[in-house]
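Rule-based calculations on the coordinates, nothing more; no lab input. The structure displayed is predicted, hence computed values, not measured ones. Reconstructed Cβ throughout: ideal geometry from the backbone, glycine too, with neighbour counts over all protein chains shown.
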Amino acid sequence: MSWLFFSIATALLWGTAELFYKKGARPDEKYSHLKICVWVGVVMGAHAIFTLLTQDIGYNPVNLLVYAPVSLFYIISMAFSYFGMRFLEESISDPIENTAGVICVLLFAIFMGDEFSVLTWVAVGVITVGVVGVSYLENRGETPRKKNYGKTLAVVSFIMPFLYALLDAFGTFLDDAFFLVEDVAATPLVDVTEETIEAVANTSYELTFALFALILFIFIKSKGVKFGAVPQHKDKILAAVFETAGQFTYVYALGGVDAVAAPILSSVCVVSLLLSRIFLKEKLSWKTYAFITVVIVGILLLAVAEEL
């Protein structure tokens, strides 16, 4: 039952990472979202180097370029997410970001001709209702965001989690449809086996994130913005550590019973919601919480439907 432990650990680690992302994405700190990207790149780069030094995965550097389209979808989606967190409650942004699964289902249905169960489409409908409800309340001015940050910034920040969901879904679609395929001979990745393909893909992603972080660090410095001493970035670093640790436990969680592990792994937004309410003292209207609950129920239904 170790997979159950790792499934729960993954949900807790990623949910905790979201808490520290939010704490690190300060609205009054210029480029705080980019600074988070830098620290995530540093930690992931360190993990990639550790993997290469301790595991014999026969890594071919060419895979860095081959896997770059997928890596960039994931990385840019995270940058959008961090920007949105600067001005948007985590209780709202995380459930919306987790709707990436719905978009992924639609991509497979449209481009790959996949057929899905009735329960899957019911879950898609439930999530859609919840997201539309949250959006409606936002546009009606149920929150003080427009007053605090101005109408333009309030709208832009609300769009960010949707952009994250869209780009993350495209990354997942490319992963599942073309890269991390069962027939290793059909993958564009080179010098991989069934045992190493996921490690090679993840290492390529982490190394790309590290390079992306270096570019962002140079950009921030070129703007004359002080990056700040390491202790000032405690929350950003902790977020990066919890994110990377969650990736580690996620691999072992996948070895369990899918119909049980999937909804546990998809409950990250539940953990994030609870932590945000407890530690960040976030408080939304009861209507918003109601629609967020609808979204979470839909996400859990989708996770169960996809693994049955």
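If you consider only alpha-carbon coordinates, what radius of gyration and Dmax does the chain have, in Å?
Rg, Dmax (Cα atoms, Å): 19.2, 56.
Mind giving me the FRET efficiency for LYS234 and LEU274? R0 is 30 Å, r the Cβ-Cβ distance, nearest 0.05 is fine.
Details: r = 22 Å, r/R0 = 0.73.
Calculated transfer efficiency: 0.85.
Near the amide H of ASN60, under 5 Å away, which other amide H atoms are found, from residues 5 or more places off or on another chain, if H is placed in the peptide plane?
Residues meeting the amide H criterion: none.
So for the chain, averaging the separation of alpha carbon pairs under 8 Å that are six or more residues apart and normalising by length, what relative contact order in percent results? The partial results should precede the final answer.
On the way: 433 pairs, mean separation 135.5, N = 308.
Reported as a whole number, the value is 44 percent.
List residues of the stretch 218-241, by number, whose backbone nitrogen lies under 12 Å from a label position 7 Å along Cα→C-beta of PHE50.
Counting only backbone N, you get 241.
Once whole DSSP H runs in the chain are found, which of them have Cα atoms spread over 30 Å or more along the helix axis and a mean Kyte-Doolittle score of at least -0.5? Numbers along the way, then the final one.
Details: long enough: 2-24 (32 Å, 0.67); 32-54 (33 Å, 1.47); 118-139 (31 Å, 1.59); 151-174 (35 Å, 1.56); 197-222 (38 Å, 1.43); 286-307 (32 Å, 1.59).
Those that pass (Cα extent of 30 Å or more, hydropathy at least -0.5) are 2-24, 32-54, 118-139, 151-174, 197-222, 286-307.
So how much slack lies between MET112 and VAL297, counting 0.36 nm per residue of separation and subtracting their Cα-Cα distance, in nm?
On the way: separation 185, 0.36 × 185 = 66.60 nm, distance 2.66 nm.
Result: 63.9 nm gained on full extension.
Report the calculated FRET efficiency for LYS223 and ASP176 (r = Cβ-Cβ distance, R0 = 35 Å), to the nearest 0.05. Could you put the intermediate results ahead of the total?
On the way: r = 38 Å, r/R0 = 1.08.
The calculated FRET efficiency here is 0.40.
Between ALA290 and ALA68, what FRET efficiency comes out of the Förster formula 1/(1 + (r/R0)^6) with R0 = 45 Å and r the beta carbon distance, rounded to 0.05?
Values: r = 41 Å, r/R0 = 0.92.
With R0 = 45 Å, the Cβ-Cβ based efficiency is 0.60.
Please grab the % of Cα pairs in the stretch 205-295 that end up more than 18 Å from each other. Intermediate results must be reported in sequence, preceding the final value.
Details: 2733 of 4095 pairs.
In whole percent, the share of Cα-Cα pairs in the stretch 205-295 beyond 18 Å is 67.
Reachable lysines from LYS226, Cα under 18 Å, same-chain residues fewer than 8 places away excluded?
Candidates past the 8-residue exclusion: LYS30, LYS35, LYS234, LYS236.
Hey, what number do you get for the chain at 222 nm if only DSSP H runs of n ≥ 4 count, each worth -39500 (n - 2.57), divided across all residues, to the nearest 500? Can you show the working numbers first?
Details: 14 runs with 228 residues, N = 308.
That comes out to -24500 deg cm²/dmol.
Go through the stretch 37-125 and name the GluC sites (Glu not before Pro) that are in a DSSP coil and have 16 or fewer other Cβ atoms within 10 Å of their Cβ.
Values: sites: GLU89, GLU90, GLU97, GLU115; in loops: GLU89, GLU115.
In loop regions of the stretch 37-125 (DSSP not H, G, I, E or B), the sparsely surrounded GluC sites (Glu not before Pro) are GLU115.
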